Structures are given as structure tokens and as C-alpha cells.
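Only one structure is covered here, and it is reproduced in the block below.
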Amino acid sequence: MKTTGGRAGILYLMILGFFAGLGVFLYGFVLDGGSWAMQPFNKYASGNSQLTTAGDVLDRKGVVLAKSENGKRVYSSDETIRRSMLHAVGDTNGYISTGVQYRFRTEIGGYNPITGLTSPTGKKQGSDISLTLSSELSKTAYNKLGNRNGAVAMYNYKTGEMLVMVSKPDFDPGNVPKDIDTNAKYNGAYLNKVLSASYTPGSIFKVITTAAAIENLSDWDTRTFQCKGSVTINGNKITCDGVHGTVNVKQALAKSCNVAFAQLAVELGEDKMTAEANTMGFNRSFSVDGVDTSKSKYEVKGAEKQALAWSGIGQHTDMTNPYHMMLLMGAIANNGTPTQPYFIQQVKNSLGMTQQQGKTQLGTALVNSSTAQTLQQLMRFNVTSDYGDDMFPGMSVCAKTGTAEVGGGKKPNGWMIGFSSDPKTPYAFAVVVEEGNYGRTSAGPIAKAIMTQAKKLAL
């Protein structure tokens, strides 16, 4: 009897476990069934039905970037728009994890637990996703990059709407190359470099060193430096791109004098430099519409003086993420506190109901308010005294260029970051061109083109 009772108890436990497991499965099925079905690797379950009745993806003006037609996923008829919007829209197979076709795969796919991914009527059943991005501006950025790789980002620092998010290398999602996984020219084509890459910053980092000087050196604005083309620190030669003579911090930033900023970094020391970098967003990730960005990094703990000197001019082991640089420019333009960027304007289901709506909201302060205002003046001087206002006519742009040495026999990467202080054109941008050499001549024309067009379009 005892044996029979024990066996019955075990059987009851097994039945209880079965129903508990079934309950967990059904709960997950209802809650996450759409996500399971829309996984890129789940071709067996979904067959050829993935995205075949999915919703549309549109730009800020309603231009259709992707839609389902006759059982297939099709993209814009303009190849340049297809390519320039690739990393924001995503590909049909879901390999670009930052694209909305992957991030919002459940919503856009139109999955329901009764019919799965198929539509009994054959009509669209997925949600439409409208972006804040401009396909016109993105096309311009893409064309200006030409055959060079890099990243271009721009947003409205008052509303938070991202206007440009272009990354190269790329491919045509409407005609995916057969050798995409074997041809070296497509290395990194699935990566959105605006969000998911980090680069050596070069001289754009001098904005951070300047901020550290403003907040920690009482005479930062009156002291001068002697630039003879180089300076020796701890027995190591720190070279400059020119002989600048006697310069103050304002002039040193405009002329991008390595001698001055190397000495500033050493004087400030690793603790103050690190504290300022951390305040301004280094060594942490940001999130935009559910996508976590790559970290910008500043690490000088225990570094020797010459390494600290190089870090102050954006070399050593410094790394920066393009999205973060755009955000930081927006923060400075906004007197220290950035408006949180977003690129999902609206998600609307097949019944016309809004599931998600983008909105303007402030982020976390990245710069002290008075420091931000001073940086506005200094970066404005960079343009008026060195780059020339004709680069950005009628917009009162504040900017900094960078030429970042990357080694390995490669040419330096070219940077330009900045913003317009004119309330009529509240745009902040970050542009990096791989092996572009001087930022002024490589990244500068791209920044000029998108800023000028954005002003014309009044976005």
C-alpha cells in the first residue's frame, strides 16, 4: 500500500509539473509568441511569410522606405535611399539588429496567435512605423560620403528628432549581394556605426579637455602657451601640426594646438580629466528607442605623463561613439542638458491605433550650464576664426574638427562635430570619415551639406 501511495504521489507531482510547465509555455506564447515567430533564424516556422504582410516603414514626410507587396518585402525605388536608410530600416533577414524591421519585428510583422504570420485575406496586418529621419537628408549624407566608410548623425536638439543616421559600408537591401559574407568590402555592413561603433576621436576630444580646464583652472582664460611645433613631456616628444607661437586656450582650441592641450591634460591630472570625461558621457552607454549605443571610452588610470598628454588631445586609448558626440553637441547647445534623441516617430497598428508615439523629453545633464555657455563661445570662435562662416552660411555654427591617428598604416580618420546656435536651425551633428585625413576637408563638406539642406527644408 505504501508503495502504491508513493507511486501515486510521484504521478500527481508529474501531472502538476506538466500543467505548471504548460501554463508557463502558454503565458510565454501569448506574451512573446510574435517575437518567437519573427526571429531571423526561425525560417522553418515562418517559411517565406516573414514580413510578407508586414506594415510599412516611412520617413518623416511619409516617403515609403519598405513595404510588403505581392508576398514580398520591397524597398524604395531609389537605390540611394535604400542604401542610406539601410541601417535605420534594417534588412529583410533581420541581420541588422538596430533596424526597425528587427527591433519592432513583432509589431511590424502583424503576428497574432490564431493565424500566425499569415493573413487570411492576404492584406497587410502589421503595424506601420514612421521615422523622424529624412530620406532626403540621408541621401545627401550618403552621396557626400562617396566611396568612403564612416558615420553621419544629426538631430534637432530642441525636439529630439533624429534627422540623419547614415552608416557605411552598406549594401542594397533590395538586391543583397551574393558575396556579402565573403567579400571584404562588406565587412561591417550589418553594423550601424552611428550607434554601435567607436572611433579614436583625435582633436574633437579637446572640447572635453577644455571643459576640464574651465572648471578646474581659475586662470584658464588668461594663461598662454608657447608652441614651437612640439613639446617634450616625460622624455617623450608630443608633436603639433604647426608652429602656433603664443596662444591662449581660446586660440589653441581654434588652431587645434596639441602642445597646449597636452600640457593642460598633464596639469589637470588623471582624476580631474577622468571626472570631466565621465560627466560628459564617457565610459557609459546611452539608449535610443531601445537600442544601447557603444561606449565612448576614456581610461588613463596609472598612465604615464606622456600618455596622459596624448589622451588630452584625443589619442592614447581614447574612443568615441558618433551618437554620443552628437548628443554632447546637443547638450552644449542646450546649456548643458540635452533633449533625448529619438528616431521612432510613431507606431500605428493595422486598425489605425497608435501603439507608440515619439515625444520631446530632456535627458541627463552632460555639461555644467556655465561651462556649456563658455564652450558655445569658444566653438563659435573656431568657425569664425578658422573654418570660416561661409561653410555654414546664416546658421551661427559652433564646431570642432578632428584628425585622429589610427595606426596600422591607415590614414587618419576625419571628424567634425558641432551645432547651430541659431534658434531657427537647432541642429547638432557628428560626422566621421574613415581614413578621411583632415576633418575639415573630409567631414566638413558633409556637415556643411546636411546642415545647409536641413535649413532649406526647415525640418
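Coordinate-derived values only; no laboratory data. A quick note: this is a predicted structure, and the numbers were derived from the prediction, not measured. Note: ideal-geometry Cβ built from the backbone for every residue, glycine included; neighbour counts use all protein chains shown.
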| Tally time: how many residues in the range 174-199 are within 19 Å of Leu145 (Cα to Cα) and not in a helix (DSSP H, G or I)? | 9
| Residue match in the range 450-459 (condition: in contact with a Ser or Thr (Cβ under 9 Å, 6 or more places away or on another chain), under 28 Å from Val247 (Cα atoms) and crowded, with 24+ Cβ neighbours inside 10 Å) | no
| Does Gly269 qualify as being assigned to a loop (DSSP other than H, G, I, E, B) and closer than 24 Å to Thr224 by Cα? | no
| query | Hey, any hits in the range 212-223 for a residue that's within 18 Å of Val300 (Cβ to Cβ), in contact with a strand residue (DSSP E or B) (Cβ under 8 Å, 6 or more places away or on another chain) and surrounded by 23 or more Cβ atoms within 10 Å (Cβ to Cβ)? | reply | no
| task | Collect the residues in the range 212-227 that are polar (S, T, N, Q) and part of a loop (DSSP other than H, G, I, E, B), keeping them in residue-number order. | result | Ser218, Thr222
| task | Return yes or no: is Lys168 more than 18 Å from the chain's Cα centre (by Cα) and of a type outside the set (A, V, I, L, M)? | result | no
| note | In the range 75-94, anything within 15 Å of Ile180 (Cβ to Cβ) and part of a helix (DSSP H, G or I) is listed as Arg82, Arg83, Leu86, His87
